[in-house]
Amino acid sequence: MRIGIDLGGTKIEAICLAADGTELARQRVVSPQGDYAATIQTIVELVANIEQETAQSGSIGIGIPGTISPSSGLVKNANSTWLIGKPLDQDLTAALGRSVRLANDANCFTLSEATDGAAKGIELVFGVILGTGVGGGIVINGEIISGPNSVAGEWGHNPLPWMTDDERPGPDCYCGQSGCIETFLNGAGLAQLYPAKSYQAGTLTAEEIADLASKNEAVAGMAIDKYAERLARALASVINVLDPEVIVLGGGLSNIDKLYESVPTLWQNWTFSDEISTQLVKNQHGDSSGVRGAAWLWPDEAAEAP
């Protein structure tokens, strides 16, 4: 069997999958924010609880909000900052007494959807996380492509392409740059498109704007239209480089149904082709995609004998 761990900033979730992907067990606990040692211990306890519940031992894959630097072996690019600079894979291997596999959470999401989700059986899949942050992952023939620098798929930290004058230079990003795709397409980026001068007092969340748009509220509808246009530009640049067969959306903003209708009609304006057959689809496994993808980090033969 396979055990997957989704190490998030607010929660840590564990899942156990049978060989055919059937869920055997699931547990979720609050993340011990800011405490690295407690994070290790929490994962150890989750694995022990899952294996006690199923009376089986399994391989362990872990999705993290960052990645392991190939040069240093330490965590980098993690918004759960207490993980940065730590040898997380080595410490977990020692604490658990067996090998573990770690991958970026967006890569895990993409692997999940490519394995038995919305992009099952597709050769080249680009997975997108649209939420508090904007992440991406690439899976080719069922394998995560991470690259020599472990940053493959990090489209969120490229500049928004084809910026208009009123968009330049773009908001500051935590990565140190400005105008990153993430700053325009995350939840805060959508919220900024809904002007305070509208009849709705105060600042609305991305989810509230989407709900108003679904009820045909005009200002919210215009905000969603602008967001869709920016998403189309950003994904057109991905298509021009990767030419994926399927792009799968995940994260909270993937629940905006209008995106699946609008974006594919818009990205033709910026893609370098007379016709685009790439499909834009919603994830199948929802919030479970990340943790399921972590479980799928191990191949069949390794999962059978961890």
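A few comments on the model shown:
- Legend: ranking of residues Leu249, Leu124 from fewest to most surrounding C-beta atoms inside 10 Å; resulting order Leu124, Leu249.
- Rh by Kirkwood over Cα pairs, then Stokes-Einstein D for segment 118-283 at 1.002 mPa s and 20 °C, µm²/s: 131 µm²/s
- Basic side chains Lys and Arg get +1 at the Cβ, acidic Asp and Glu get -1 at the Cβ, and with that the dipole of the chain about its Cα centre reaches some 540 debye.
- Using the Cβ-Cβ distance between Glu167 and Ile140 with R0 = 45 Å, the FRET efficiency computed as 1/(1 + (r/R0)^6) comes to roughly 0.90.
- Cα-based shape type of segment 1-153, given that a ≥ b ≥ c are square roots of the gyration tensor eigenvalues and the cut on a/c is 1.5: oblate
- Compared with the dominant Cα axis of the chain, that is its longest principal axis, helix 105-116 is turned about 80°.
- When both segment 233-258 and segment 152-167 are represented by their alpha-carbon centers, they are found 14 Å apart.
- Fewest-first sequence of Asp165, Asp105 by Cβ atoms within 10 Å of each Cβ: Asp165, Asp105
- Cα gyration tensor shape for segment 218-291, rounded if a/c is under 1.5, else prolate or oblate: oblate
- Among 43-50, 23-30, the order from most to least packed when residues are scored by Cβ within 10 Å on average: 43-50, 23-30
- Only the Cβ atoms of Lys and Arg (+1) and of Asp and Glu (-1) were treated as charged; on that basis the dipole of segment 2-104 about its Cα centre amounts to roughly 240 debye.
- Pairwise alpha-carbon distances in the chain exceed 33 Å for 25% of all pairs.
- Full extension of the chain segment joining Glu53 with Arg28 gains 7.6 nm, where the gain is 0.36 nm per residue of separation less the Cα-Cα distance.
- Segment 1-47 versus segment 207-231: alpha-carbon centroid distance in Å: 35 Å
- Residue exposure proxy: Leu212, Leu88, ordered by other Cβ atoms within 10 angstrom of their Cβ from fewest to most, comes out as Leu212, Leu88.
- Within the chain, helix-based [θ] at 222 nm, where runs of 4 or more DSSP H residues each add -39,500 (n - 2.57), nearest 500: -10000 deg cm²/dmol
- Modelled label reach - Lys11, point 7 Å along Cα→Cβ, segment 19-40 residues with backbone N closer than 11 Å: 27-31
- Simple rule: put +1 on each Lys or Arg Cβ and -1 on each Asp or Glu Cβ in the chain, find the dipole, and look at Ser59, Ala48, Ile276; the Cα lying farthest toward the positive end is Ala48.
- Only Lys, Arg, Asp and Glu carry charge here, each on its Cβ (+1 for the first two, -1 for the last two); on that basis segment 219-306 has a dipole of about 460 debye about its Cα centre.
- Considering only Val248, Val139, Val219, the Gaussian network model of the chain with Cα springs below 10 Å gives its largest mean-square fluctuation to Val219.
- For segment 248-261, the Karplus equation 6.51 cos²θ - 1.76 cosθ + 1.60, evaluated at θ = phi - 60°, returns couplings of 9, 9, x, x, x, 6, 5, 7, 7, 4, 5, 4, 6, 8 Hz by residue, with Gly and Pro reported as x.
Here, each number is a calculation from the coordinates, and none is a lab measurement. Because the structure is a prediction, the values reported are computed rather than measured. Please note: Cβ atoms are built from the backbone with ideal geometry, for glycine as well, and neighbour counts cover all protein chains shown.
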